[in-house]
Amino acid sequence: MKLSAEHLSYQIEGKEILRDISLTFPEGKRTAIIGPNGAGKSTLLRLLAGLIKPSQGKILLDGRDIQAIGRQKLAQNLAVLPQGASAPPDTTVRRLVDYGRFPYRSYFRAGNPQYDRKAVEWAMTVTQVKDFESRQVASLSGGERQRAFLAMALAQQPEILLLDEPTTYLDIAHQLEVMQIIREVNERYGMTVIMVLHDINHALQYADEAVVLANHRVVSQGRPDKVISVGLLADVFGVRAERFVNEQGRTVLSPTALVDTMKR
């Protein structure tokens, strides 16, 4: 499925958050949305998910305005994992992941128990949470909890997965663990992934496409190694950086200092 935005703008209480955004996200690829704080990254993701309505423009899913698609049907095709997701303290991991099957149920239709069970098992296996499926979510470590919520989103079995800073508050090892799961889901199952990232090097390492937001607009889009450069970090983020190539041949940027604001 193809997700795109056409002339998208969003204001709240007279404050401009996004202005005239037009994007098409490549199917079956991983796209990273990056930019400084306040650029509108999370707002863009919420608009793409249909959680809020644009002030102008529209979001299209296979050419159809998502505002015309029922919430349940939309959730069968598109899953979103926001920042700071939470669950009732007595919720077990299995129950949490099972919540991801709600788009396939209703007051009049119980869903397919066998299919639901297979989807839940698959999601827990992919995210490596099955070993502690009976534990309460509140008892988990940060990395375990994030994988459990990721499993809930995957249990929807969407064609498009939207993630808002999925590695926030995680240590380095758990950040890599989550990012590798995301890559595996994309590469093995062909799921389109659109993720807001604050770590530039994660975008360089784990994304096929990068979208850079600044001043409420898209300032660049393309292959991460072409888009994310020393110059971009200086112009958009206000930091100086050095460029390296690691053992895998991937570009790594190491911030070294703030750009002198008098010279910017």
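Derivation of every value follows stated rules applied to the coordinates shown; laboratory data play no part. All figures in this text were calculated on a predicted structure; none of them were measured in a lab. For neighbour counting, all protein chains shown are included, and Cβ atoms are generated from backbone atoms with ideal geometry for every residue, glycine included.
Taken over the Cα atoms of segment 1-64, the convex hull encloses 82 Å³ per residue. GluC sites (Glu not before Pro) within segment 188-264: which are DSSP loop residues with at most 13 other Cβ atoms inside 10 Å? Filter output for segment 188-264: Glu247.
Restricting to bridges with both residues inside the chain, how much of the DSSP beta-bridge set is antiparallel, in percent to the nearest 5? The answer is about 60 percent antiparallel.
Note on Val259 and Leu51: their simple-model spin labels are 3.0 nm apart, each label 7 Å out from Cα toward Cβ. Once the Cα atoms are used to define both axes, helix 172-189 deviates from the longest principal axis of the chain by about 70 degrees. Dimensions of segment 6-128 along the principal axes, based on C-alpha atoms and rounded to the nearest Å, stand at 46, 31, 30, largest first.
Stretched out straight at 0.36 nm per residue, the stretch from Arg117 to Glu13 would grow longer than its current Cα-Cα span by 33.0 nm.
Rounded to 0.05, the FRET efficiency of the Ala173 and Arg105 pair, given R0 = 45 Å and the Cβ-Cβ distance, is 0.80.
Each peptide in 147-153, 171-177 receives the mean, over its residues, of other Cβ atoms within 10 Å, and ordering these scores from highest gives 147-153, 171-177. Taking label points 7 Å from Cα along the Cα-to-Cβ direction, Phe244 and Ser86 give a separation of 3.9 nm. Checking the Cα-Cα distances for Lys58/Lys226; Lys41/Lys73; Lys53/Lys73; Lys29/Lys73; Lys15/Lys41 against a 20 Å cut-off, the pairs over it are Lys58/Lys226; Lys41/Lys73; Lys29/Lys73.
Mean residue ellipticity, 222 nm, helices only, the chain: the sum of -39500 (n - 2.57) across DSSP H runs of n ≥ 4, divided by residue count and rounded to 500, is -8500 deg cm²/dmol. Averaging the Cα positions of each part gives two centres, and for segment 212-249 and segment 1-71 these lie 22 Å apart.
When the Cα convex hull of segment 120-264 is projected onto planes of every orientation, the mean area is 10.4 nm².
Hey, any idea what Rg/Rh is for segment 3-228, computing Rh the Kirkwood way over Cα pairs? Radius of gyration over Kirkwood radius for segment 3-228 works out to 0.96. For segment 186-264, the orientation-averaged shadow of the C-alpha convex hull comes to 6.1 nm² (one quarter of the hull surface). For the pair Gln128 and Val230 in one chain, pulling the backbone fully straight at 0.36 nm per residue adds 33.1 nm over the alpha carbon distance.
Helix 142-155 versus the longest principal axis of the chain: what is the Cα-based angle in degrees, 0 to 90, to the nearest 10? That works out to roughly 70 degrees.
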